[in-house]
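Here is the structure we will look at.
The values are calculated or read from the model by the stated rules, or taken from the named source; none is laboratory data. Because the structure is predicted, anything quoted here is derived from the model rather than measured. Counting neighbours? That spans all protein chains shown, and the Cβs are built from the backbone with ideal geometry, glycine included. The accessibility values were calculated without ligands, DNA or RNA, using every heavy atom of the protein model including side chains. Shrake-Rupley method; radii C 1.70, N 1.55, O 1.52, S 1.80 Å.
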Amino acid sequence: MKHLDEAKKARKNAYVPYSHFKVGATILLKDGTYVHGANIENAAYPLANCAERSALFSLYSQGYKKEDIVSMTIVADTDHPVSPCGACRQVIHELVPKGTPIYLANLKGEIKETDPDDLLPYAFEEFEGDKDA
Ligand code: THU
């Protein structure tokens, strides 16, 4: 599947000298573009950025918006489809439209389809700032 192949390509760019655990994420946009993200670690361990947030921050940084998103696919070398961390679930919930398919996958090609509300029920979203700011 094209979206899984793209996520695997994204995974190749992971910078993981500490965990050696590579993760790739790709976001398909309505114009057919795939925006890639990989996990990027640091000697100061807590500063690592997960693949999911790398992809989403890249997408917004390039001027795309949540309305442009069709789906998101995440892949790692895991026994079961990789499961995003809590921080990424919070970020996905705010930056990806409700109901968007999120495909969790592994290198064996197993795929589980989920969505932002499945990943984070009762998400924090009370702070209604100016989202255009
Ligand atoms: N990681 C991700 O990039 N995404 C996930 O869904 C789970 C964890 C990264 C963070 C760190 O670089 C490495 O995997 C080990 O936790």
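Here are the numbers for this structure:
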| item | result |
| --- | --- |
| Residues that are surrounded by fewer than 17 Cβ atoms within 10 Å (Cβ to Cβ) and not polar (S, T, N, Q), drawn from the stretch 9-39 | Lys9, Lys12, Tyr15, Val16, Pro17, Tyr18, His20, Phe21, Lys30, Asp31, Gly32 |
| Yes/no for Thr100 being of a type outside the set (Gly, Ala, Ser) and under 17 Å from Leu28 (Cα atoms) | yes |
| Every pair of residues 6+ apart whose Cβ atoms lie under 9 Å, when the first sits in the stretch 70-82 and is more than 27 Å from Asp31 (Cβ to Cβ) and away from the ligand (no atom under 12 Å from the Cβ) while the second is open to solvent by 40 Å² or more (accessible area, probe 1.4 Å) and part of a strand (DSSP E or B) | His80/Lys112 |
| Residue check, Lys108 open to solvent by 80 Å² or more (accessible area, probe 1.4 Å), away from the ligand (no atom under 12 Å from the Cβ), among the charged types (D, E, K, R) and modelled with pLDDT of 95 or more | yes |
| Selected residue (criterion: farthest from the ligand (Cβ to nearest atom)) from residues of the stretch 83-99 that are buried (at least 18 other Cβ atoms within 10 Å of the Cβ) and part of a loop (DSSP other than H, G, I, E, B) | Val96 |
| Hey, Asn42 surrounded by 12 or more Cβ atoms within 10 Å (Cβ to Cβ) and either in a helix (DSSP H, G or I) or within 10 Å of the ligand (Cβ to nearest atom) (or both) or not | yes |
